[in-house]
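Each reported figure results from applying straightforward, stated rules to the coordinates on display, with no laboratory input. Remember, it's a predicted structure, so these values are computed and weren't measured experimentally. Note that we place each Cβ from the backbone using ideal geometry, even for glycine, and neighbour counts take in every protein chain shown.
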Amino acid sequence: MFDCLAQATSVLSDNVSTPVQPLRQPKRRINPLQLEKQFRGRNWSRFESLNHTSPATLARLREAALLLGIQVERLDDGSLLLLDLSLGESLSLAGRFGSELAVSGHFAGSGHHR
């Protein structure tokens, strides 16, 4: 336990200039056309935080979707992708969480909606 503290202290006491590493990787922007290609023939809705201020809302959405038996994937940009859900389920979740989250979706054969 103390070995970690000793190493951290010795690094701090050295006067060597090292670049500061970011805590998180930069978030990559997700293009809806990429999602349409990757999940061709499947229904999906994507929920993303508005200005990255709603992580708790994304967590609540994830729990609600899992309770409904909907497959959930977290994308590289932090947004949630809900797969194989019905239009009704998507509209219901968008109605519940859409005021705090941006919603986009694709339903097989219907094109892209935002």
* To do: State, to one decimal in nm, how far the label point of residue 100 lies from the label point of residue 38, with both points 7 Å from Cα in the Cβ direction.
  => 2.5
* Just need the Rg to Rh number for the range 44-114, please, alpha carbons only, Kirkwood Rh. => 0.92
* Structure fact -> Residue span residue 29 to residue 76: 0.36 nm per residue of separation minus Cα-Cα distance leaves a gain in nm of 16.1 nm
